[in-house]
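First comes the structure, then the notes that go with it.
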Amino acid sequence: MNLTEFIEGRRDQHLAELLEFLRIPSVSAKSEHKPDIERAAGWVAEKLRSAGFNSVQIVPTNLHPLVYAESLEAPGKPTILFYGHYDVQPAEPLELWTSPAFEPTVRNGNLFGRGTADDKGQVHIHLKALESLRDVHGKLPINVKVLIEGEEEVGSVSLWDYVQRNREKLKADALVVSDTSMLAKDVPSITYGLRGLNYYQVELTGPARDLHSGVYGGAVPNPLTILTELFAKLHDKDFRVAIPGFYADVAKLSVSERKALNSLPWKKKDFEKAVGAPGYAGEKGFTIVERLWGRPTLEINGIWGGYTGEGAKTVIPSKAWAKFSTRLVPNQNPQKIAKLVEKHVRKLLPKTVICKFEVLSTGKPWTAPFKAPIFAKAQAALEKGFGKKAVFIREGGSIPFVTQMHDTFKVPCVLIGFGLPDENAHAPDEHLALENYFGGIKAIAHFYEALGRP
């Protein structure tokens, strides 16, 4: 039986099943969704069993369960570990969704709903590819281990503990992940580089309590004012991060890599359409692609304090908070950067406030030697799925698990994404192009099938 034709003949069943998955509001950040998280874990386990995995476990953790499955019935063939996550971001602000976040809807060739691109839709691509291979061949052509977690959107707190306790069980010849994007529509892509991520929170305390701004204003420190002044000093006029030593270890992009990245079929007008800003800024001396993929950044992610409700309340707040992050590139050490950031923040603050500085998470950057044979097989499989040659790209985002696995097991990590840059992951109207979903199932099935051949 022809694998491509078999998959094409089951489009309706595959899509109907994905809709079922997307209707489960598995929001990991909110405790009220704990039952939904557990239901999603059970759903994934059930689909792995129906795909032919005879060993499937729902593993309890201190927070949300992870799902582990294995099929080791291809002696002498390679073993791959596929990683993904079933948890999703909160849907708020709900009023900005065209259709409800957990009522997946097809419009203009796109499937809208929370988790379509990040990461339920992409996980489901692999589930259906594996099931199709089993149905066509009677068994899987390679050995497969699957690890699907429920905490990716809240920092994967439990995942690494599980990996460290089960290193022998999780050994594989390669790690495969689909939690990234294609470069653009009709451009199948393999990601060979990710930025690292450090995430911080700072809390400033001035007065012992909120104060009347008329009675006390002008004679006491305002933590919100001091906090905004702090962040205004963390970039220079060329939009470089103004922290001493921040760029000391940054690996420069080679001339050949810069040329390759800037030759990709990437359109500035598509980027600007997806962003929708009235103007653009970035580190001087680098193209947009280089800024996004090869340069480190510092961004404020949220700032709050004082009164933000309806009407007026004239207070000087006792406290002010901010969350911010640094994206890191090869050769930057997350722990070293965290110390540099904290040292400079404390140096810039006046003695009129008390600072509580927290490093909430750290993650290393990662790049792969994409000349390895497994990448050529992935490239050929993507061409079978999409009818076009795949390109090699880097990604501005971070997947700490990839770096941890690469450092632990020293095996190739193949990142094949099927989202698009304008898919609104983490935002209202998140969506996945149906042609990428259906093409992805074919491509991944052919990739796994090719790995079983010498």
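The values are calculated or read from the model by the stated rules, or taken from the named source; none is laboratory data. What you are looking at is a predicted structure, and each value in this text was computed from that prediction instead of being measured. Reconstructed Cβ throughout: ideal geometry from the backbone, glycine too, with neighbour counts over all protein chains shown. Ligands, DNA and RNA are excluded from the accessible area calculation, which covers all protein heavy atoms including side chains. Shrake-Rupley method; radii C 1.70, N 1.55, O 1.52, S 1.80 Å.
I need the calculated FRET efficiency for the pair residue 205 and residue 242, taking r as the beta carbon distance and R₀ as 25 Å, to the nearest 0.05.
0.50
Of the peptides 318-326, 89-97, how do they stack up when ordered by the mean number of other Cβ atoms within 10 Å, highest first?
318-326, 89-97
Rounded to the nearest 500, what is the 222 nm mean residue ellipticity of the chain from helices alone, with -39500 (n - 2.57) per DSSP H run of 4+ residues and division by all residues?
-10500 deg cm²/dmol
Pop a pseudo-label 7 angstrom from the Cα along the beta-carbon direction at both residue 228 and residue 61 and give the gap in nm to one decimal.
Calculated label separation equals 3.9 nm.
Run through segment 254-304 and list the trypsin sites (Lys or Arg not before Pro) located in a DSSP loop whose Cβ has at most 12 other Cβ atoms within 10 Å.
Listed in order of number, the matching sites are 267, 284.
So for the pair residue 186, residue 212, with labels modelled 7 Å out along Cα→Cβ, what separation do we get in nm?
6.8
Residue 259 to residue 166: FRET efficiency via 1/(1 + (r/R0)^6), r the Cβ-Cβ distance, R0 56 Å, to the nearest 0.05?
Working from the Cβ atoms, E equals 0.85.
Summing +1 for each Lys or Arg and -1 for each Asp or Glu, what net charge is found among the other residues whose Cβ lies under 12 Å from the Cβ of residue 323?
In short, -3.
Starting from the Cα gyration tensor of segment 4-59, take the square roots of the eigenvalues, sort them a ≥ b ≥ c, and report rounded, prolate or oblate (rounded when a/c is under 1.5, otherwise prolate if a/b is larger than b/c, else oblate).
Verdict is oblate for segment 4-59.
Rank by packing, highest mean first: peptides 396-404, 245-253, with packing defined as the count of other Cβ atoms within 10 Å averaged across residues.
Highest-to-lowest ranking by the protection proxy: 396-404, 245-253.
Counting heavy atoms of the protein chains only and a 1.4 Å probe, report the per residue accessible area for the chain as a whole number of Å².
So the chain comes to 45 Å² accessible per residue, rounded to a whole number.
Beta carbons within 10 angstrom, averaged per residue: use that to sort the peptides 164-170, 121-127, 195-201, 338-344, highest first.
Packing proxy ranking, top to bottom: 121-127, 195-201, 338-344, 164-170.
How high is the relative contact order of segment 91-234, in percent, with contacts defined as C-alpha pairs under 8 Å that are six or more residues apart?
It comes to 11 percent, rounded to a whole number.
Simple spin-label model, 7 Å along Cα-to-Cβ: residue 331 to residue 271 in nm?
About 2.3 nm separates the two model spin labels.
First compute the accessible area of segment 1-99 with a 1.4 Å probe, then give the percent of it belonging to carbon and sulfur atoms.
Answer for segment 1-99 is 51 percent, counting heavy atoms of protein chains only.
Relative contact order, percent, of the chain when contacts are C-alpha pairs under 8 Å separated by at least 6 residues?
The normalised contact order for the chain reaches 25 percent.
Using alpha-carbon positions, what is the distance between the centroids of segment 164-216 and segment 290-367, in Å?
Each part reduced to its Cα centre gives a spacing of 13 Å.
Please give the FRET efficiency for residue 30 paired with residue 8, using the beta carbon to beta carbon distance and R0 = 60 Å, rounded to the nearest 0.05.
Efficiency for this residue pair is about 0.95.
Would you mind calculating the gained length between residue 106 and residue 303 on full extension (0.36 nm times residue separation, minus the Cα-Cα distance), in nm to one decimal?
Net length gain for the segment: 67.4 nm.
If each residue of separation counts as 0.36 nm, what is the full-extension length gain between residue 173 and residue 427 once their alpha-carbon separation is subtracted?
Extra length available between residue 173 and residue 427 comes to 87.9 nm.
Ignoring ligands, DNA and RNA, please state the percent of accessible area on segment 195-314 from carbon and sulfur, probe 1.4 Å.
Result for segment 195-314: 55 percent of the exposed heavy-atom area is carbon or sulfur.
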